[in-house]
Amino acid sequence: MSNRIEVGKDVVSAVAGVQGLSSAGATPSLKGLMQPFYAEEEMTLSTSGATTDSTGKLLPANSIILAVTAYVTETINLATNWALGDGTTTARFLVATTDLTAGTTKVGMSGMFGVVSTTATGPTQAAAASLRVTTTGTQNTTGKVRVCVHGFVFTPPAS
């Protein structure tokens, strides 16, 4: 299992507290920053439960999540469907899909659609969190999904 998080060049040390983000080589700035980022991980789905959380905190604090893209790298066997969300909202980014076959690609932007009724269903991310894959139906015996979170991280001015 691998994960990778990339952020723009001018990341200040305030952002480095998010698991996986690095401020190596960053130039401290007195200005506030808005940096695009993506966070990627191949997730091996649980064979003992309906949910699998990413190893890394793929949803960084103080960010806006624009989309979560996914590629099924190993067929999800026996489950009826799968969705992408977090620990609070099961299908926050991608509503349940029955596309379980290796090679399937999905773009999850549910948090950006229509009226967002609560913060938990919208694009804003106040605290760092793991991405969650939830399966339903018969417990799967195999399955891997490569996920990539796309968005912006915001850093307040240093003074």
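The values are calculated or read from the model by the stated rules, or taken from the named source; none is laboratory data. Everything quoted here is computed from the prediction, not taken from an experiment. Note that each Cβ is placed from the backbone with ideal geometry, even for glycine, and that neighbours are counted across all protein chains shown. Ligands, DNA and RNA are excluded from the accessible area calculation, which covers all protein heavy atoms including side chains. Shrake-Rupley method; radii C 1.70, N 1.55, O 1.52, S 1.80 Å.
Summary of computed values
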quantity: The stretch 31-46 - residue that is outside any strand (DSSP E or B) and either out of contact with any Gly (no Cβ under 8 Å at 6 or more places or on another chain) or hydroxyl-bearing (S, T, Y) (or both) and, of those, nearest to L94 (Cα to Cα); calculated: S46
quantity: Matching residues, the stretch 53-90, being over 15 Å from V149 (Cβ atoms) and touching a helix residue (DSSP H, G or I) at 6+ places or on another chain (Cβ under 8 Å); calculated: T88
quantity: Filter pass, A120 being over 23 Å from F154 (Cα atoms), open to solvent by 30 Å² or more (accessible area, probe 1.4 Å) and among the hydrophobic types (A, V, I, L, M, F, W, C); calculated: no
quantity: Unique residue being at pLDDT 95 or above, open to solvent by 70 Å² or more (accessible area, probe 1.4 Å) and touching an Asp or Glu at 6+ places or on another chain (Cβ under 9 Å) when the list is T44, T105; calculated: T105
quantity: Conditions (1) in contact (Cβ under 8 Å) with a residue 40 or more places away in the chain; (2) on the phi < 0 side of the Ramachandran plot: number failed by A120; calculated: (1)
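Conditions (1) assigned to a loop (DSSP other than H, G, I, E, B); (2) open to solvent by 40 Å² or more (accessible area, probe 1.4 Å); (3) in contact (Cβ under 8 Å) with a residue 12 or more places away in the chain; (4) hydrophobic (A, V, I, L, M, F, W, C), marked per residue:
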position: S48; (1), (2), (3), (4): yes, yes, yes, no
position: T52; (1), (2), (3), (4): no, no, yes, no
position: I64; (1), (2), (3), (4): no, yes, yes, yes
position: V68; (1), (2), (3), (4): no, no, yes, yes
position: T73; (1), (2), (3), (4): no, yes, yes, no
position: L100; (1), (2), (3), (4): yes, no, yes, yes
position: G111; (1), (2), (3), (4): no, no, yes, no
position: P157; (1), (2), (3), (4): yes, yes, yes, no
